[in-house]
Structure formats: structure tokens, C-alpha cells
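Each remark here refers to the structure printed beneath this line.
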Amino acid sequence: MKRTYIIKNLDCAHCGALIEEAIGKIDGVESSVLSFPSRKIVVEGELRDDILAELNRVCDEIEPGTVIAEEGEFSGDSETNRSDIVLMATGVLLFIAGIILHSVLKLNIMGIILYILAYLLLGKDILINTAKNISKGKIFDENLLMTVATVGAFVLGEYSEAVGVVLFFKIGELFESYAVNRSRKSITALTQLKVEEAEVFVDGEYRKINADDIAVGDRVRVRAGERVAVDGVIVEGSTLIDMSAINGESVPVEATVGDTIVSGSINMNSVIVISAQAEAKDSMMAKIAEAIESATLSKPKTERFISRFASVYTPIVLAVALFTAVVPSVITGEWSKWLYTALTFLVISCPCALVLSVPLAYYAGIGRASELGILFKGGASLEALGKVKVIAFDKTGTITDGSFGVTEVTVYNGADEQKMLSFCMTCEEASSHPVAVSITEYCRNRGVCSSDAEEFCELAGRGVSAVVGGEKILCGNIKLMEENAIAVGEASQDSHGTAVYVAVSGVLMGRIIVSDKIREGASEAVKALKKSGIKTALLSGDRKENTVSVAEKLGMDIAEGALLPAEKLEKIRKLREEYGPVMFVGDGINDGPVLAGADVGGAVSSGSDLALEASDVVLFNSAPRSAFRAKEIADKTQSISRQNIVFALAVKAMVLVLGLLGISSMWFAVFADSGVAMLLILNSVRLIKPFGKGRKAV
């Protein structure tokens, strides 16, 4: 059994790690995963009916005031309200006034009174939490350390230092809360696009009903400016569709009868009617929301390592602090000095900055990706992509857009191109084959007119024959030409695509090449990947010549065609052995095993359900460009994560040494805690674009 709960009033990332560990030890709980940025925890196991009460008991012991509740009871922590800001501003004014009266005007008593008022105003939460913790037998925590340190500073006459330390600490908390809320907004924006009501055709008229009640096949009317409630196919009307919330692209797309549109997109300028292809719970937006929830609770190895490191690091630091307080004091007799040094040392050692920095970096990376139409299924997927050295693509529907088009027209034996196209159109316009349809469309767009056929015969697997004006027309593949002893010569060479030959009265008149169109931006994406040191490969089940041709046009490093799914898997294995971890991007049912077998599987959102299920990353936009963006975000996230770890450990190590030598003060201590946390948060949120500035490519 698995349950997801919301956490409120959790302000300490390290305490969150302790809560996760403690809940994992409860009888019946097999695993617990807590996401500090999203304020959620997933508990799995043989859960008792009273598990929620037990969870709250454990939480309250570790972080008093923390509450766990069912999803929906509240949405997590709210942003800092105005009263908090006013309270802090008042405390700052009292602090400044105290400095002026005490240090400048030498009105000591008045200055001390203002210092005390500022301290009580800014530090009341710290004092209250300290009292609660002591009553529960919780001695060593950040609140107690701050209380003892600042009260000690008051006793020693360091009034400005005592108030300043509390102020800096509160500013750090305020900043952390803002950054976490901002990153949470970024990552959950897609989950808030659900449409509550929609107009559905019922009993001869359109009525507004709850979107959750829409059934497959229902006709749903979407007015201009409204958001689409369910995935469907347009059956009436034409319009422009804004899909920026889904794929990150600000340019609207044209949509008309027969086109598929997904839930969450916006109808921009005309009324349309769609036939629902899925219920609301199975629509694209529901799948996105579910995947995002899973993503925020899937932890990368780096975050798990930091949590384990903190659990070992903290008791060691406590032991060193105790040694510092006792041994030098016994030797020198300077108890106040070394007690102060030990307390400073403990404040420095708080691991909150380190524990928060890694998950926030990954959280910001997942949020940034979702804004660009890239959905990672967790921090582990993001981490794995950061290690990828090769990106391999399927061809049809991934590198190419899956729609055929005429890419080459050649005439032979002095034939007229327009006349050759007219004969070909006469043969092909009656066929529904995709190749025939694309040729017919090509001819019409160029003003070519067909002729009346006196005879017409479709030859399965070979082409079409017709009689026009007494002349026999053959239109088809190389087999049809060979059967009729028509020499094609050099026309049979270099046919990268599907070749359709046109012969009139036994003489070759022309050749038309029909091939899948390469997606827009594919060439630029491949160049960008190669520039960043990533090898690119094209693995396809299509003919080897076609695959090599497309790969050459794009400048890809490796091309393999005519591959079965098992052979694609073998190629992935060989690429891994030669270059390192591999990402495979595909869209078809036959790509499922390869997506699952690659180090990172990337599925195009328009692909099969199996491909989407087997993948680690879902791409809602042009696959080549999105793959590059996803790789770039993964690399930046890993880089920022490493920077955070190195910086946090380096600063703490330096200030800890200074603390042991009795050089650093409480100011240094709080900087090593709240100050470093603020810097790491700033570093992490660089991944998130400013709100309201529009979407830009990575």
C-alpha cells in the first residue's frame, strides 16, 4: 500500500531528512520518501489505520509544529505573508535605532531596551521552538543552539551581535521560503491546468457538466479563449491552438477537422467541437500531473548520498563540539571562552544548507524542463541524462515527422516534367496509399492537371497501370519496371527514399522520390549536441540507404538501418561499451524495449503508450531539439549540484577550523549556515527563468 501526504510547517531541510529516516523505521513502513521542496512524503508498506497519527507523532518529536495530513486538506506551506515582512521590518528598525542610541549617542539603557525588543520580535519563533524542543527532550537542534549563542552574547555584552545573528538567521529562512515556493510554482504549473467544467452535447443540446464526467465519444464544444478539457479530435470548426503550457512553444498551431488536440491547450479564436478520445483521468494533462508528482519524489543518487552523509556528519560534529567545550576549558580554566567557541562551532556545523542545496537544484531543473515541454520522471532520470555520452534517435516520427512528401523529381529521355507529372497524377489520384497521396498533393500544389484514364488497374505491391490517349502508362516501383522490361539505368541509383518510376509506352519518362520529411530544427539540434561533445546516432528499421541519407544530411556520427527491435538493443549495448551511457529517443510500439534498455529513454509525446511508459523522459516538442534542451538542463543541474556540495563543504570546513581556533564569531557561524544556504539557493534557482518573461529556448 502506498500513500502520499502533505507536510506543513517544515522549515528545516535537515529535519526533513531526519523525519524521512524516522518514518522509515515505523512498524509496517517499508519505505518513506520525503521531498522538502514539494512538502510531500510518500509512505509505502503494510500501513495501519492509525498510521497518520503515528506519522504526526514522529514529526512532532523531530520538528515541533510540523503537521502531516491527507492530500487535499491543505496544499502545503503558503508564501510568506505581509505580516511576516512587517514584523521583520519593525525588528530591523528597532535594531538600527538600538545601534544609534547605544553605540552613537551612548544612551546605553535606552539602546539595550531597543536591542531586547528587536531580539524578542525577530527571535520569538526561535525561543518558542526551543522551549517546545526542551520539553520533548530534544536538546541538540538549530533553535537551541541559536538561543544559547545569542543569549550568551547578551550576557557578554555583545548586544548588536546577538540581534544581528538572529536577524541574519531570519533573513535566511525568509529567502529560503521564497526560493522553494518559487521553484514549486515552476514545477507544478502544469498540474494546475485542469478544466473543471466543459460543454458536452447531451439530449440534443450542449450542457455544462463536470469535466470528470466526460466519456469517450462525447462531443465537447470549446469556445474561443477556453482551455481544452480532454484529449480529442476536432469534428467541427477550425482554429488556432495555443499549446505553450504543454510543449513550451509560444507560436500557436492551426487545427481543423480531423486534427488531434490535447487537454491543457487553449482554443484561441473560433468555436470548435471535439470528439473526446479519453476520459479526463486518462487525458494528457492527467498523465502529466501524475508524472510530475512522481518526479518530485524520485531522488537522485547524489541527494541520497548527501542525506546519508549528514546522518554521519552530525554526530561527529556534536562529539567534537563537546570535546572543544570541556578539554581546553579544563586545561586553561577559560570556561566561558571555550563554551562560546563550542557553541559557535555547533551553529557552523548545521547541515541544512548542504541537505537543501542538492534537492533544490534538481527540483529547479525538473521545473525548468517542464516549462520547455520536457517531462523528467524524477531526479534519477535527470541525473542519468547528465552522464550520457551518446544520444541515439529512431528515424520515422522522431527525426522525421512521419509524413511523406516529394523531395526529388527527375525526367529522362527528353521528357517534359509537367507532362510526366500529369501522367503520374492520373495514375495516383485514385489511390489512398500515403506515397500516392503525397504525389497527388505535390502535383496539385504546382497546378498540374490529371487526364482522363481509358483504363486503370492497381497492381498490388508494384504500382498502377493506366491507358491515357491510347498510350500505356506505368507508375510504380522498380519491380513494375523490371516486369515490363523497361530499362531504368542510372535512375535506379541513389534513391534515398521511395522511388516511383513513370514509363510511357515502354520508355522511362521520369522518377519521383518520396521520403519522410526531416523535422524542423533537427539539423541545428544535432550540431549543438556534437558541439557539446555528444555523439549522435540514427537507428532505424527503415532501409539502410534511407537511414544513411538522413544521417548524412544532419551530420550525425553513426547510422544503422534495417534494424529489428532486438538489433537496436544490441546497437545500444555496443554504443555503451564504446562511448559510455546512451540515451535513446523514439516513439513507436517497437521502441518500448529499446527505451527501457537504454541508460535514458526519451519518448515523443505523440508516440505509443508503451513508449511513454517505458521512457525516463517525455518530450512534448520536436524530439531532436527537446533532446538537446533536456541534455543541457541535465548538465547544468549536475554542475550546479556539484558546485553547491563543494562550496558548502569548503566554507563549513574553513569556518569550523576558525571556530576551533577561537577566531570566528557568531557572525561567521550564521554565515556558514544561513548565509551559505542563501548563496546555494541563489545558485540553484539560476535554472528557473523569471516569471512572466515568456518562454525561451534553452
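The values are calculated or read from the model by the stated rules, or taken from the named source; none is laboratory data. Keep in mind that this is a model prediction, so the values were computed, not measured. Because the Cβ atoms are built from the backbone with ideal geometry, glycine has one as well, and the counts that use them run over all protein chains shown. Accessible surface areas use protein heavy atoms only, side chains included; no ligands, DNA or RNA. Shrake-Rupley method; radii C 1.70, N 1.55, O 1.52, S 1.80 Å.
With touching a helix residue (DSSP H, G or I) at 6+ places or on another chain (Cβ under 9 Å), at pLDDT 75 or above and closer than 15 Å to Leu343 by Cβ as the only criterion, which of Val655, Val651 stands out?
Criteria check complete, one pass: Val655.
Is at least one residue of segment 478-496 open to solvent by 80 Å² or more (accessible area, probe 1.4 Å), over 51 Å from the mean Cα position of the chain (by Cα) and among the small types (Gly, Ala, Ser)?
Within segment 478-496, the subset open to solvent by 80 Å² or more (accessible area, probe 1.4 Å) is 479, 482-483, 485, 487, 490, 493-494.
In the following step, the residues that additionally are over 51 Å from the mean Cα position of the chain (by Cα) were identified as 482-483, 485, 487.
Then drop every residue that is not among the small types (Gly, Ala, Ser), which leaves 485, 487.
Yes, because at least one residue in segment 478-496 is open to solvent by 80 Å² or more (accessible area, probe 1.4 Å), over 51 Å from the mean Cα position of the chain (by Cα) and among the small types (Gly, Ala, Ser).
I'd like to check something: does segment 434-445 contain any residue that is within 47 Å of the chain's Cα centre (by Cα) and of a type in the set (Phe, Trp, Tyr)?
yes
Among the strands (runs of 3 or more DSSP E) confined wholly to segment 370-417, which include 1 or more residues that are within 21 Å of the chain's Cα centre (by Cα) and modelled with pLDDT of 90 or more?
390-393
I need the full set of residues from segment 18-47 which are closer than 15 Å to Glu70 by Cβ and in a loop (DSSP other than H, G, I, E, B), in order please.
Filtering segment 18-47 down to residues closer than 15 Å to Glu70 by Cβ leaves 39-43, 47.
Those that are closer than 15 Å to Glu70 by Cβ and in a loop (DSSP other than H, G, I, E, B): Arg39, Leu47.
Please name all residue pairs, on different chains or six or more residues apart, with Cβ atoms under 7 Å, provided the first residue is in segment 507-531 and is surrounded by fewer than 17 Cβ atoms within 10 Å (Cβ to Cβ) and the second residue is part of a helix (DSSP H, G or I).
Once the first residue is surrounded by fewer than 17 Cβ atoms within 10 Å (Cβ to Cβ) and sits in segment 507-531, its partners that are part of a helix (DSSP H, G or I) give Ser523/Leu554.
Could we say that Leu114 is in contact with a Phe, Trp or Tyr (Cβ under 8 Å, 6 or more places away or on another chain) and either surrounded by 14 or more Cβ atoms within 10 Å (Cβ to Cβ) or under 23 Å from Thr66 (Cβ atoms) (or both) here?
Here the answer is yes, as Leu114 does meet what is asked.
Of the residues Asp609, Asp591, which single one is charged (D, E, K, R), on the phi < 0 side of the Ramachandran plot and either buried (at least 24 other Cβ atoms within 10 Å of the Cβ) or modelled with pLDDT of 85 or more (or both)?
Exactly one of Asp609, Asp591 is charged (D, E, K, R), on the phi < 0 side of the Ramachandran plot and either buried (at least 24 other Cβ atoms within 10 Å of the Cβ) or modelled with pLDDT of 85 or more (or both), namely Asp591.
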